[in-house]
1. So which aspartates and glutamates pass the test for LYS169, namely a Cα distance under 17 Å, with those fewer than 8 places away in the same chain ruled out?
2. How high is the relative contact order of the chain, given as a whole-number percent (alpha carbon pairs under 8 Å, six or more residues apart)?
3. Pairing the Cα long axis of helix 98-113 with the longest principal axis of the chain, what angle in degrees results, from 0 to 90 and rounded to the nearest 10?
4. Could you order peptides 68-78, 120-130 by the average number of other Cβ atoms within 10 Å of their residues, highest first?
5. With 10 Å bins from zero, work out the P(r) of the chain over every alpha carbon pair and list the percent per bin.
6. Can you run the Rg to Rh ratio on segment 12-59? Use alpha carbon positions and the Kirkwood inverse-distance Rh.
Amino acid sequence: MVDELTEKFGDEDVAIAYIYFDYHDQEHQSAINVFASLLRQYAEVVGEITPALLNFFRTFCSRKRQPDLDDYADIIIAYSSRLSSLFLILDALDACKEDQRRPLLEALTKLFDAGIKVFATGRENIDELNAFFLSMPAIRIVADLSDIENYLTTRVNTKLARYGPLREKVVQTLSNQADGLYIPQIPGKY
């Protein structure tokens, strides 16, 4: 997705920020850290310290307090006025730490309402995410049964080569139970 957007808008005044939520690194992915990363990514694209950003840092350095999510959202929205488009890609949003999810989604909605294009992926088994996705234009993407079977056949043939008929039973059972969920290879987790 990032490469496609970069290729399509590479010559235009566009910023693309990307966040991958890692279930194993939730402590470092607080809503504040996510928005700080977005601001850094957008500032790098603009390539200069804008008056709004300078004011942002002066305000919080002089007060000796951390900016909150609204402060970050406001400065990101201010950056959006310097560019023709801002894209935000959030991958695996369901892996966001539970106590951080609601404030993050509220701040993301503020960005979306300001015209920032938000592309997010996540499993549908979390009520907060369902409500978030329903409030925005959405496309449901699921793996086709044949995609799941092909993936599993490759993995099972590698791992269970000596078990003959059991391989087919494993592939069929897992494919039927996946219900469209596709889980990519995670090294060393078998």
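1. Partners within reach: ASP147, GLU149, ASP179.
2. 22 percent.
3. Result, in degrees: 60.
4. 68-78, 120-130
5. Result returned by the calculation: 8, 29, 29, 19, 10, 5, 1.
6. My calculation puts Rg/Rh at 1.05.
Laboratory data are not the source of any read-out in this text; all were calculated from the coordinates shown. Since the model is a prediction, treat every value here as computed from it, not as a measurement. Using ideal geometry, Cβ is built from the backbone for each residue, glycine included, and neighbour counts are taken over all protein chains shown.
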